[in-house]
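The values are calculated or read from the model by the stated rules, or taken from the named source; none is laboratory data. Predicted, not measured: the structure shown is a model, and the values here were computed from it. Backbone-built Cβ (ideal geometry, glycine too); neighbour counts: all protein chains shown. Surface areas here come from the heavy atoms of the whole protein model, side chains and all, with no ligands, DNA or RNA. Shrake-Rupley method; radii C 1.70, N 1.55, O 1.52, S 1.80 Å.
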Amino acid sequence: MHEGNTTRWTVTVSKDTDIAVRSLLAQRGLKKGDLSKFIEDAVRWRVFDQTLSETRAQFADLAPEALQDLINEATEAVRHETQERS
């Protein structure tokens, strides 16, 4: 986490969640300040998971071969752009 690029949140969680997270951090030898890092990591994973689920749902009706063709086309486009920048 970059100190100059942070936002302070005020969040409310259940007492059980608070105890579970703080116990987990303590078992791993982490300090109180590591709670912010833990929360940021958890939020990033949750955002990624939801984005992935939404994307999968959008392509659910696409045949596997058609999806692979789209992936290959996008991969080639990125490789081409990367080569042009080099």
Worksheet item: Hey, among the residues in segment 2-31 that are part of a helix (DSSP H, G or I) and open to solvent by 100 Å² or more (accessible area, probe 1.4 Å), which one's modelled with the lowest pLDDT?
Response: Glu3
Discussion item. Looking at Asp34, Asp49, can you tell me which residue is of a type in the set (Asp, Glu) and at pLDDT 95 or above?
Written reply: Asp49
Fill in: Tally of residues being basic (Lys, Arg) and either touching a strand residue (DSSP E or B) at 6+ places or on another chain (Cβ under 8 Å) or modelled with pLDDT of 95 or more (or both) across segment 37-46
2
Item to complete: Among residues belonging to segment 45-69 that are over 22 Å from the mean Cα position of the chain (by Cα) and not in a helix (DSSP H, G or I), point out the one that is surrounded by the most Cβ atoms within 10 Å (Cβ to Cβ).
Response: Leu62
Worksheet item: Here is a list of conditions, (1) assigned to a helix (DSSP H, G or I); (2) out of contact with any helix residue (DSSP H, G or I) (no Cβ under 7 Å at 6 or more places or on another chain), and Leu35 meets all of them except one; can you say which number that is?
Response: (2)
Fill in: Candidates Ala74, Ala42, filtered to the one that is assigned to a helix (DSSP H, G or I), under 30 Å from Arg8 (Cα atoms) and of a type in the set (A, V, I, L, M, F, W, C)
Ala42
